[in-house]
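The values are calculated or read from the model by the stated rules, or taken from the named source; none is laboratory data. No experiment lies behind these values; they were computed from the predicted model shown. Quick reminder, even Gly has a Cβ in these numbers, built from the backbone with ideal geometry, and neighbours come from all protein chains shown.
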Amino acid sequence: MQKYHTVAARIMLALVFLGLVVLKLAEITNNPNGYLQYQMTLGQFGLPSIFAPLLILVQLVGSLALLVGYKTKITARVLMGLAIFTAIVLGRVIPDMFFLYLGIAGGMWLLSLYPQTACSLDNLKKN
């Protein structure tokens with residue numbers, strides 16, 4: 001039964017990151033200077049502009065991998081690291097974000113400890 005609970009958690013956690021990417025890409029494409037503004041926003045948090053494509057790529061690939069359950073353990077750990085990094089970076093400016101991303105990191109940590117979920121590509125390989 002735990003497998004069915006964790007599949008729901010896996011999908012909801014994947015949708016957090018996928019939703020962030022979709023919203024960010026919509027914002028970038030709807031504005032002629034959207035990408036430049038995104039880079040400048042990251043600069044306000046002390047991040048160099050190289051982080052703009054890296055954050056989008058890691059969130060997009062990680063969320064899609066989690067959504068289908070591919071390499072769940074390592075993907076959850078990578079996204080956990082990203083959530084902790086984001087909590088530290090955003091938490092310096094927006095204290096609420098620290099706790100929000102720390103909670104997401106906790107969910108990712110739990111998912112990395114119990115990666116065997118139903119409806120995943122990881123389980124198809126074993127059969």
- Query: What number of residues in region 69-120 are small (Gly, Ala, Ser) and touching an Asp or Glu at 6+ places or on another chain (Cβ under 8 Å)?
  - Reply: 1
- Would you say Gly81 is modelled with pLDDT under 90, in contact with a helix residue (DSSP H, G or I) (Cβ under 9 Å, 6 or more places away or on another chain) and of a type in the set (Gly, Ala, Ser)? no
- Note on the structure: When (1) farther than 18 Å from His5 by Cα; (2) among the aliphatic types (A, V, I, L, M); (3) more than 19 Å from the chain's Cα centre (by Cα) are applied to Ala118, the one that fails is (1)
- Message: The conditions are (1) assigned to a helix (DSSP H, G or I); (2) surrounded by fewer than 16 Cβ atoms within 10 Å (Cβ to Cβ); (3) among the polar types (S, T, N, Q), and Gln116 fails exactly one of them. Which is it?
- Response: (1)
